[in-house]
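Please treat every number below as a calculation from the coordinates, not as lab data. These numbers come from a predicted model, not from an experiment. Cβ coordinates were reconstructed from backbone atoms using ideal geometry, including for glycine residues, and neighbour counts include every protein chain displayed.
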Amino acid sequence: MRSHLLEGKVRHRRARPFVYELEHSVFYFALDLDELDEVAARLRLVARNGRGALEFRDADHLLIPERDVASGIRSHLIGEGAATEDVADWQITLVTSLRVFGYVFNPASFYLCRDRAGAMRAIVVEVTNTHHERRLYTLRPELRGEAHTASMAKDFYVSPFIDMDAGYTVRVWDRPDELRIAINETEHGEPMLTASLVLRRVALDDRAVARMLLRYPFLTLKTIGAIYWHALRLWRKGARFHRHRATPEQGTVTR
């Protein structure tokens, strides 16, 4: 299978109004969307749209929960003008967390979209906030050195400690042995936050999945817990708080 696991570190570094850093060990699934049924059939601990220690649910992704995620993302690419030709044979890899014992929270998932020649044609960043809203940013990256790079303006509320007058630059290094993703965020044109994933590739089999579960038990619960814990620390340090305001582009996540 082309699908595999990713293991490594997530790091955040806030630059203003004070320096604040965090680092956590994590693992992700890198799922070829044409192999979702095969992944569930081969792995004892993984289920698709059913019960399992780890669950992939199509309804946890995109903005149309009743649609198969593979056909959904391909329709989205065409609708956004990111693909003008047939995308049926594009290889689309979803980097995401699965439900762990029934629970998941994915602050960001990434769809890496390559055409039949292997060129990275689009990167779709699927952002979910703690207000159960979701936004898809569709990027058309340029290859700069080894990094697939694109920028986007912020139009979706995520952190209560960063203003909406902000923007992102996303860089993806998609190497044979590792995947690196870096997101640099500016606020009012000034550097504010750098977030990065540094992940090594791990073959996907029952033993590797069991090892990840033992090494990172209840990972998705720890993710949401860490978000609130670090938010409390930022608030106590005096970071400016911006209240939540929904925008028409946001879709509400249904559970």
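In this rough spin-label picture, where each label sits 7 Å from Cα along the Cβ direction, the Asp155-Leu232 distance is 3.6 nm.
The HN-Hα couplings worked out from phi for the range 119-124 by the Karplus form 6.51 cos²θ - 1.76 cosθ + 1.60 (θ = phi - 60°) are 7, 6, 9, 7, 10, 9 Hz, whole numbers, x standing for Gly and Pro. Backbone geometry of the range 128-138 corresponds, through the Karplus equation with coefficients 6.51, -1.76 and 1.60 at θ = phi - 60°, to 3J(HN,Hα) couplings of 10, 9, 6, 9, 6, 10, 9, 9, 9, 9, 9 Hz, x marking Gly and Pro.
List the trypsin sites (Lys or Arg not before Pro) within the range 170-241 that fall in a DSSP loop (any state other than H, G, I, E or B) and whose Cβ has at most 12 other Cβ atoms within 10 Å. Here the trypsin sites (Lys or Arg not before Pro) that fit, given the DSSP loop and packing criteria, are Arg240. Couplings for the range 50-62, taken from phi via the Karplus curve 6.51 cos²θ - 1.76 cosθ + 1.60 with θ = phi - 60°, read x, 8, x, 4, 10, 10, 9, 10, 4, 5, 7, 9, 6 Hz in order; Gly and Pro are left as x.
Take every DSSP beta bridge whose two residues both sit in the chain; close to 95 percent of them are antiparallel. Listed values [x] 67, 63, 36; [y] 57, 42, 32; [z] 50, 43, 36 include one computed from this model; for Cα extents along the principal axes in Å that value carries the label [z].
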